[in-house]
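These notes concern the structure reproduced below.
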Amino acid sequence: MKTRNKTKSTKKLILKLLIGFIIGISFGFGIGKMVKSNTKLTNSIETTLQQNCNCERIESGNSYTGIQFNKNDGISNTKLNFTLLNCDFTSSAEKEAKRLNDVLIDEVEDYDSVDFITFYFKSDVKNETVKIKDGTIL
């Protein structure tokens, strides 16, 4: 009797471990695919910004993927940050951010999947932050 119960419990344990392993591998591949896709999107946006901005340097900051809640900004799924250093534009930072957002909509594939993007315009004279959520400047 003890051998039969031990065999059943061993089989159940092996089955649970196998199911856990399969779920873990599937989850891991999904996360890897999401990270790769997000990296590709961020690089594409950065390249487009470099081509359409008159800035000394453009740096991509933190990018977040997954459901997030921020008291000030609300709920978002994808959040990207870009720092634009020593940009030369004649209009305000808000107008420049709107122009860049329109360019990104036209030129970057899957840009519509970005819920929230923040542009940090930094120069020796002043620093300005412009936040865009779903195409609208906040």
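Values quoted throughout were computed directly from the atomic coordinates according to the rules given, and no laboratory measurement underlies them. Just so we're clear, the structure is a prediction, and the values are computed from it rather than from any experiment. Methodologically, a virtual Cβ is constructed for each residue, glycine included, from the backbone with ideal geometry; neighbour enumeration extends over all protein chains shown.
At-a-glance table
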| quantity | calculated |
| --- | --- |
| Taking PHE119, PHE27 and counting other C-beta atoms within 10 Å, the order from fewest to most | PHE27, PHE119 |
| Local net charge near ARG57, Cβ-Cβ under 13 Å (Lys/Arg +1, Asp/Glu -1) | -3 |
| Cα-based helix-to-principal-axis angle, 93-107 vs the chain, degrees rounded to 10 | 60 degrees |
| Cβ-based exposure ranking for THR83, THR136, in which fewest neighbours within 10 Å come first | THR136, THR83 |
| Highest-MSF residue in the chain out of GLY32, GLY74, GLY20 [GNM, Cα springs under 10 Å] | GLY20 |
| The chain: Rg to Rh, with Rh as the Kirkwood radius over Cα pairs | 1.30 |
| C-alpha long axis of helix 2-52 to longest principal axis of the chain, angle in ° | 10 degrees |
